[in-house]
């Protein structure tokens, strides 16, 4: 059989996973494992193994554990327990073929690997992405007066991004308020009034004025800003997580920081529009790809790339908890992109050199450039 140069290039490429999380550092029973492979829940009579992502785990992850493809769930989990969490993590993280991980450290309901631990298990490099809502909530927990909140948050955010190894920041505004916000920078007195209300009631940061203040503070920090959009757990109100709600804010912040739209499904076409018309907007379809599985990854990528400039798509897994997802995310990306590029080659819509360049850009070089990582240019433009 003739070798496919697109497949060979993608298989050999050390990917940059520009948005992911750590892997658990404990052995998992069946309920624990199932809870980590779904954005929903393991309801009575409805197992996450009986879903596209569950089938993908049994098909594509079982061989990494020395099991036959499609191994039954109980057999799969028994083998996982036999190997132990450290060996399971090592196998999947190295199988991913990822050279760089950019790790969001702001979400950790479970004990998960730090960026350095993730890098060590994978034999790769890892950097940190600071979740700004976590910074704000730490400021509140530490005790602050309402009229001092804005400056305290700004100071804490600056300290966080100056830590060694930090390459960007992230917001989960999509979860907290949605994006249908007043796009203007809030006035100081608005922030103080909102902080007074929030600090009095406590809880997570979900005040619209303070979320706006957080997004504008992110612009002031000057670091690449990741924004969760679209697909997520049941906290999301999906119609409010459509990234086109950000259009007016993107006009106001044009020319400042790179804005990276994460996940996007089912709004990958809307995200593609924003990437096509705003210079510093980028997107990925991470999280989505391992949930739809390698068989459908190409369809999602095709929609994301219908109008997106090829310098604007990045790879991410958004893997959290189970290292299977670091591997599946990479596998689905390689498989889906290779199929898409091969289809366009066969239709004579692009040349082989174009296909190979697009593979390298989207899998690795775009992220190196945007985040200013080694082997990339110091910024994106």
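Residues that are farther than 30 Å from residue 31 by Cβ, outside any helix (DSSP H, G or I) and out of contact with any strand residue (DSSP E or B) (no Cβ under 6 Å at 6 or more places or on another chain): does region 112-126 have at least one? Within region 112-126, one or more residues are farther than 30 Å from residue 31 by Cβ, outside any helix (DSSP H, G or I) and out of contact with any strand residue (DSSP E or B) (no Cβ under 6 Å at 6 or more places or on another chain).
For residue 108, the stated conditions hold: it is surrounded by fewer than 22 Cβ atoms within 10 Å (Cβ to Cβ), out of contact with any strand residue (DSSP E or B) (no Cβ under 8 Å at 6 or more places or on another chain), closer than 26 Å to residue 175 by Cα and at pLDDT below 95. When region 162-176 is filtered for residues that are at pLDDT 95 or above and surrounded by fewer than 20 Cβ atoms within 10 Å (Cβ to Cβ), the ones remaining, listed by number, are 162, 163, 164, 165, 166.
When residues in region 40-67 are screened for being over 23 Å from the mean Cα position of the chain (by Cα), part of a loop (DSSP other than H, G, I, E, B) and at pLDDT 90 or above, 4 of them pass.
Do we find a residue being more than 16 Å from the chain's Cα centre (by Cα) and within 23 Å of residue 256 (Cα to Cα) anywhere in region 135-142? Yes, region 135-142 has at least one match. Checked against (1) in contact with a helix residue (DSSP H, G or I) (Cβ under 7 Å, 6 or more places away or on another chain); (2) within 22 Å of residue 138 (Cα to Cα); (3) modelled with pLDDT of 95 or more; (4) surrounded by 14 or more Cβ atoms within 10 Å (Cβ to Cβ), residue 188 meets all criteria but (4).
Residues in region 46-59: is at least one farther than 20 Å from residue 288 by Cα and free of Cβ contacts under 8 Å to residues at least 12 places away in the same chain? Looking through region 46-59, at least one residue is farther than 20 Å from residue 288 by Cα and free of Cβ contacts under 8 Å to residues at least 12 places away in the same chain. Scanning region 13-34 for residues that are in contact (Cβ under 8 Å) with a residue 12 or more places away in the chain and assigned to a helix (DSSP H, G or I), we see that the one that is surrounded by the fewest Cβ atoms within 10 Å (Cβ to Cβ) is 30.
The values are calculated or read from the model by the stated rules, or taken from the named source; none is laboratory data. Only a predicted model underlies this, so the values are computations on that prediction, with no experimental measurement involved. Neighbour counts are summed over all protein chains in view; Cβ atoms, including those assigned to glycine, are modelled from backbone coordinates with ideal geometry.
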